[in-house]
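Visitor: One structure, as structure tokens, below. Some questions next.
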Amino acid sequence: MIFETLSVFPEVFEPYLGVSILGRARRAGVYEFAAHDLRDWTHDRHRTVDDAPFGGGQGMLMKPEPLYEALDDLASHGPRPHVVFFSPCGRRFDQRVAERLAGEERLLLVCGRYEGMDERAYALADEVLSLGDYVLTGGELAALVVIDAVCRLLPGALGDEMSAVDESFSPAGLLEYAQYTRPASFRGMDVPEVLLSGDHARVAAWRRQSAIERTALWRPDLLEGADLTDDERERAREIARRAVTGEERGDGRASS
Ligand code: SAH
């Protein structure tokens, strides 16, 4: 898969993409990355990419011309890019969107700055995505978030092919179960005995229960779409109800 960014700060991507899983995956050829500098498609001495908004108001907007020229140019070679723009006004990025984007051959991520873009620029986008209901200074972090979330879904990105399977927001629609490492006893907090038992069936049952409890406590909004049996759903609703009334601990370590 090919990821490309178009922004006025192309230098911010490499440090993050160079380390850990993303760095290893790139070196292994799981994905390719190129950061394009929007100023390469300007023609004035100052390489201007912004201008004041018509109608007045604060701040500057990204001009449409360099964006159109850049996209014409970039789309003229290689596979047709799927073009994503970023804006707080966009559709919320989530794991389902990441899964869909992982099926693209070439993703071109266009990052805004300043007060955003001339409205006509959005006609270039196949879709507009938002990270969430807050305003960032630029789209570069959003692009890195998308690359990170999509990349780890690509075949060969994670060392263990299974590790993306029962994570939070996986198709079962539950948060991930609680996990522990050594020491088994730490500052008076003990790892649940079943996890030390070596009994795989009991461990699997405990994990399922833990995932349901955590989802009910922390993200009861996910229960509706979760893949649960009638009994599990009933129990999850009960945990969520008790959490609202303060009867259940709110830290995910529900007593069972
Ligand atoms: N004036 C705009 C915000 C512009 S912020 C508004 O009020 O809607 C500048 C740039 O940062 C945007 O063009 C976008 O690329 C990026 N950005 C800011 N917040 C973002 C968010 N929540 N999700 C994704 N990108 C965001």
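The values are calculated or read from the model by the stated rules, or taken from the named source; none is laboratory data. Just so it is clear, the model here is predicted, and its values are computed rather than measured. When we count neighbours, we look across all protein chains shown, and the Cβ atoms used for this are built from the backbone with ideal geometry, even at glycine.
Visitor: Could you tell me which of the residues ARG120, ARG113 is among the basic types (Lys, Arg) and part of a loop (DSSP other than H, G, I, E, B)? Show your work before the answer.
Guide: Numbers: ARG120 fails: part of a loop (DSSP other than H, G, I, E, B).
Result of the check over ARG120, ARG113: ARG113.
Visitor: Further question: Please determine, by comparing only the residues of segment 111-122 that are of a type in the set (Gly, Ala, Ser) and in contact with a helix residue (DSSP H, G or I) (Cβ under 9 Å, 6 or more places away or on another chain), which one is nearest to the ligand (Cβ to nearest atom). Show your work before the answer.
Guide: Initial filter on segment 111-122 (of a type in the set (Gly, Ala, Ser)): 112, 116, 121.
Remaining after also requiring in contact with a helix residue (DSSP H, G or I) (Cβ under 9 Å, 6 or more places away or on another chain): 112, 121.
On the way: GLY112: 2, ALA121: 9 Å.
That would be GLY112.
Here is a yes/no grid of residues against (1) within 14 Å of the ligand (Cβ to nearest atom); (2) in a strand (DSSP E or B); (3) aromatic (Phe, Trp, Tyr):
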residue: VAL30; (1), (2), (3): no, no, no
residue: ALA34; (1), (2), (3): no, yes, no
residue: ARG39; (1), (2), (3): no, no, no
residue: ARG45; (1), (2), (3): no, no, no
residue: LEU74; (1), (2), (3): no, no, no
residue: GLY78; (1), (2), (3): no, no, no
residue: PHE85; (1), (2), (3): yes, yes, yes
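Visitor: Please enumerate the residues belonging to segment 128-141 that are surrounded by 15 or more Cβ atoms within 10 Å (Cβ to Cβ) and more than 6 Å from the ligand (Cβ to nearest atom).
Guide: Within segment 128-141, VAL128, LEU129, GLU140, LEU141 meet the criteria.
Visitor: Could you list, ordered by first residue, the pairs with Cβ atoms under 7 Å in which the first is in segment 71-89 and in the same structural domain as GLU104 (by TED's automatic domain parsing) and the second is in a loop (DSSP other than H, G, I, E, B) and among the small types (Gly, Ala, Ser), at least 6 apart or interchain?
Guide: From residues that are in the same structural domain as GLU104 (by TED's automatic domain parsing), the pairs are VAL83/ALA125; VAL84/ALA125; PHE85/ALA125; PHE86/GLY112; PHE86/GLY139; SER87/GLY112; SER87/GLY116.
Residue by residue, here is whether (1) modelled with pLDDT under 95; (2) surrounded by 13 or more Cβ atoms within 10 Å (Cβ to Cβ); (3) of a type in the set (Asp, Glu) holds:
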residue: PRO171; (1), (2), (3): yes, no, no
residue: ALA211; (1), (2), (3): no, yes, no
residue: ASP231; (1), (2), (3): no, no, yes
residue: GLU234; (1), (2), (3): no, no, yes
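Visitor: Checking LEU108 against (1) within 28 Å of HIS77 (Cα to Cα); (2) out of contact with any Phe, Trp or Tyr (no Cβ under 8 Å at 6 or more places or on another chain); (3) within 14 Å of the ligand (Cβ to nearest atom); (4) in a loop (DSSP other than H, G, I, E, B): exactly one of these is not met. Which one?
Guide: Single failed check for LEU108: (4).
Visitor: While we're looking at this one, here's another question. ASP148 - would you say it is among the acidic types (Asp, Glu) and either modelled with pLDDT under 95 or under 26 Å from GLY18 (Cα atoms) (or both)? Break it down stepwise before answering.
Guide: On the way: among the acidic types (Asp, Glu): yes; either modelled with pLDDT under 95 or under 26 Å from GLY18 (Cα atoms) (or both): yes.
So ASP148 passes the test.
Visitor: Right, next: Do we have GLY59 as at positive phi, in contact (Cβ under 8 Å) with a residue 12 or more places away in the chain, surrounded by 11 or more Cβ atoms within 10 Å (Cβ to Cβ) and not acidic (Asp, Glu) here?
Guide: Details: at positive phi: yes; in contact (Cβ under 8 Å) with a residue 12 or more places away in the chain: yes; surrounded by 11 or more Cβ atoms within 10 Å (Cβ to Cβ): no; not acidic (Asp, Glu): yes.
For GLY59, the condition - at positive phi, in contact (Cβ under 8 Å) with a residue 12 or more places away in the chain, surrounded by 11 or more Cβ atoms within 10 Å (Cβ to Cβ) and not acidic (Asp, Glu) - is not met.
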